[in-house]
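Okay, so here's the structure we're looking at.
Read the figures in this text as sums done on the coordinates, not as results from a lab. From a predicted model like this one, the values you see are computed outputs, not experimental measurements. Cβ atoms come from the backbone with ideal geometry, glycine included; neighbour counts cover every protein chain shown.
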């Protein structure tokens, strides 16, 4: 029973940052921009959040500052992609490398140090449930907030004017410009928002999940986030499902060990990456669904005419 | 501007009032062209004003300036007597200027109400009753909750007009609004436009179709080469006199004699049924068609009825599964499943409707663009490009077709649409095809070049080439085609001989008139 | 609407010198950033400049190190650039390099006593094939299932790294190696000949230069190269012309994989002489930057690879002599690519400051 508790809680802890960052990326991609620098933004948020906790003990402050760190990096991305019309794939990779380098550099004095984990909020009654209670309902508040955020973003995208504008800009920046929207302003805002959530996700990992800083902490999660959005064919509901599935896959190692099966640890570490490839392959076969949901202008350079 | 609330204004009143919109010396330059050169004009409330000019005369640029999409380099805009700088379309709308675009600025994945909501302050739900009410009042029925990609082109235009009207504009700009309508759709549109002006609104009607301007507009401003050439009362003009003003000379017509097509089909389509992967595309249903050497067959129809899909299936850009390869036959060979390169080696040449990005690579020079389809005509050797040969090929195309450009090393995108089209057609003709398929061959091309292209097609026909022309310009097809088909919702009409072809019959076919007669939608026969 | 104080327009024609501007600006900014970063860590600016950018030329050994690191960067970047020009985003060179190293190591590990002079060419061949095969997975799922190659190649990087860890910890571990996660040392015939005695630079730099020439020929003169480029710049035009997209994806990824695999084989057979966990200090990622910095053109990449190798060696020297962390290297790589991509705007577009517009010459 302890194992199950451990697995459930491990899955939630692993899934939460994936979910948060993927929701941010969803908004960015819906506006027509492909941001591949999530890995770097998460790492930057992680190290900044970690330092804030080390210096001030303020966990929520760390989450907020981590998010701002992600946004700061996304300013660079947005400027290159929107102002100087840089190729989005290349710029994403470049800013990602920059973020990883900066976080390694800034985090060097803190390498391998730890912090106390973020305070847990046990949900009354539910956390007392047998078997699942402690696994599901005794976590930092952010774990519960993440699915709420997913709902909020779904509502924002599908039910509000702001969401309508973001979707319109993502489908046809030319038309949006023609009817009077400032395409680049909308996209810049989306990029900042996406960067913020990536930073929050990174900070969550370093101060609530692993509670330590080490170079390479993000370990490919940023890329899984990008894959998640593809996997979900740009729908928030599916991102939630996907994030928890991937969360489970990332703790596959623990799962298999708990059954006492002897498998090389390297193979277990590879499971999420293999799962990502399989997921992308399966989802990409459904071309029709992708065409219906994918933002039409995704990744395309848009040049404003004046 | 109290007059604008008056119900009707007589023609003489209009001239004395302060103008609704006045342009003084508006100038706009692009890197390669001076699009508007010292343009001045005044529009009175209640007026239907035509801006007449051929492709490239500067109409679109002028309209974009009035609507705030482009900023003029020089000149003054006065709105209701006051000087304004229209910063952007939102500002234009706030002033009371609305626009119905030629290439729609609608979002296909959104609903009608959502699309309209983007241009107004209300939510989609709040707008639904207003959409229905406006539809009733002005004869523009449309379902507010329908997704735009499911609408026909005519319905989309209604959405554009309603979206424009809901902002209660004083001036409505309509950019080539009839180009997307079947002949039967034009009188209702004109009725709608007249109703709009009854309340003192002015309409700026952009067109190059003389007949329409003469029947609808109070005043016509004629543009040529970015300048205003004349301002006339179109009712007092003839088509010929307007055309002369518009292009500076008479419209040339191709010289043609009756066709003498050969017995055996050069290309045939048999029971072609095709569902495109694009969910917004048109499904082709049981299309049969034959194309003989020495004839020009035209495919008419309102855009969005399957022209794009049909052209791609014929050219080989879209390949059919092997099991259905015999639905497309070239010279007796079933070839529905081979790509465009292999079809080219069977003697098929294709001129696509998009020049930049499809018929040519915009960033590459004309020499490299020659390689695109002519590479196997002695321009490569053992897999390596023979640059002198490619250059010579490009130079011959430029010379033979009188392409105005910077030479063989000019990038394709630096050419005007018409000149690039001439280059592409020249390239395809030099491949000495047995079959030539041309999609919108003169779309966006100036009158002189269009006439030259049409003459080329007729000459090729006389040389024994089988030619298929897919065009939305009915006048063009009536001028050059020996017989016609009409595409409607993916169905192809029976063939109409040239002698029988007239606007009424074709207009009927364009709205599906042929379906009730011989085949109901959905029935497939082989 | 926020009005920018400049206007970006499509160019009507481009100057042959404009493409040089972007890399020069990027290099200048990167050099300055390096000095600032080191200054912040207490290294005086003069010394920082010396460590990072002059010390790589300060001794024969350091110069040899520059060319040693330049070889894999150049090799991989040439392969990647061919793919990038076709807009096939192979981000998996790192993984393909690792697979190349693994493949090449099999011969010297299992035939450790061999004296056969054919071993080295065979290793290069196997390495290239392993790299190709690894990239081929991405090509296959892209062509067959339309799976995004960026994500697949990235995931394959992580999997390749785990595979290497597994192999050097188990099946390929040196049985007499005190349980260190590394293979046995290669025999003499499995090592690349050294160019100058006492230095580490080997003949791989010659191969890289030969590959550069071949890449130039392929990109600028061959019909296949042309077809790939059309596919990358105008996919609809490629379909119109009948240049198969699937074929282009296969070719682009296989060339990239082969080049990276070869680089991996040369790393194993060159400075390392064995298979070990840290076979690559991120060459696969750095080569992406090299490819872009070189403007995706063969000759440009030659210079870009040289500069990147200088950054690597300078970073190493700064690390050993001033205790500057390796992360500075990564930051500089990021700055280099970010500034390059931003500066491209001056190459690809016409940027006019101010809102007054000159009338074009020759307009009526």
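Here are the numbers for the structure shown:
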read-out	value
Radius, Kirkwood style, for the range A:64-195 when every pair of distinct Cα atoms is counted (Å)	18.2
In degrees, nearest ten, helix C:327-343 long axis to first principal axis of chain C (Cα)	30
Ascending count of other beta-carbon atoms within 10 Å, so fewest first, for A:39, B:411	B:411, A:39
Pairs of Cα atoms farther than 17 Å apart, the range B:430-521, %	53
Peptide-level mean, for C:335-348, of C-beta atoms on other protein chains within 10 Å	6
In degrees, nearest ten, helix C:283-293 long axis to first principal axis of chain C (Cα)	20
Choice from C:269, C:322, C:215 with maximal GNM fluctuation in chain C (Cα, 10 Å cutoff)	C:322
Euclidean distance of C-alpha centroids, the range A:13-39 and the range B:242-296, integer Å	48
Mean-position separation - Cα centroids, the range B:398-434 and the range C:221-276, in angstrom	32
Overall dimensions of chain A by Cα: Rg and Dmax, Å	19.3, 66
With Cα atoms, 0 to 90° folded angle of helix B:153-165 axis to chain B main axis	20
Relative contact order %, chain A, counting alpha carbon pairs below 8 Å whose residues are six or more apart	37
Most mobile of C:153, C:233, C:30 in a GNM of chain C (Cα contacts under 10 Å)	C:233
Three-way shape call for the range B:292-362 based on the alpha-carbon gyration tensor, with the a/c threshold at 1.5	rounded
For the range A:89-165, the spread of Cα positions along each principal axis, largest first, Å	48, 45, 17
Kirkwood-based shape ratio for the range A:173-306, expressed as Rg/Rh from alpha carbons	1.06
Sorted by Cβ neighbour density within 10 Å, fewest at the top, the residues A:20, C:137	C:137, A:20
Exposure proxy ranking, count of Cβ atoms within 10 Å, fewest first, for C:296, A:26	C:296, A:26
Measure of compaction for the range C:16-174 (Cα Rg per 2.2 N^0.38 Å)	1.35
Relative frequency of Cα-Cα separations exceeding 16 Å in the range B:357-432, percent	39
Candidates A:206, A:127, A:265, ranked by Gaussian network fluctuation over chain A, Cα under 10 Å, top entry	A:265
Anisotropy class of the range A:149-207 from Cα gyration tensor, a/c 1.5 cut	oblate
Ratio of the Cα radius of gyration of the protein assembly as shown to 2.2 N^0.38 Å, where N counts its residues	1.01
Relative contact order (%) - criterion: Cα under 8 Å, at least six apart; region: chain B	15
The protein assembly as shown: antiparallel DSSP beta bridges as a percent of all, rounded to 5	60
Calculated diffusion of the range C:132-236, Stokes-Einstein form, Kirkwood radius summed over Cα pairs, 4 °C and 1.567 mPa s, µm²/s	72
Percent of alpha-carbon pairs separated by more than 28 Å within the range C:61-294	30
Projected label distance in nm at residue C:20 and residue B:194, using a 7 Å step from Cα toward the beta-carbon	6.9
DSSP beta bridges in chain B [antiparallel fraction, %, rounded to 5]	50
Gyration tensor (alpha-carbon) shape descriptor, the range B:91-196, a/c threshold 1.5	rounded
Full-extension gain in nm, residue A:155 to residue A:61, via 0.36 nm per residue minus C-alpha separation	31.2 nm
Whole-Å semi-axes of the ellipsoid equivalent to the range A:1-130 (Cα gyration tensor, √5λ, descending)	31, 19, 13
Part-to-part distance (alpha-carbon centres) for the range C:303-324 and the range C:14-92, which is given in Å	9
Cα-based convex hull, chain B, per residue volume (Å³, whole number)	158
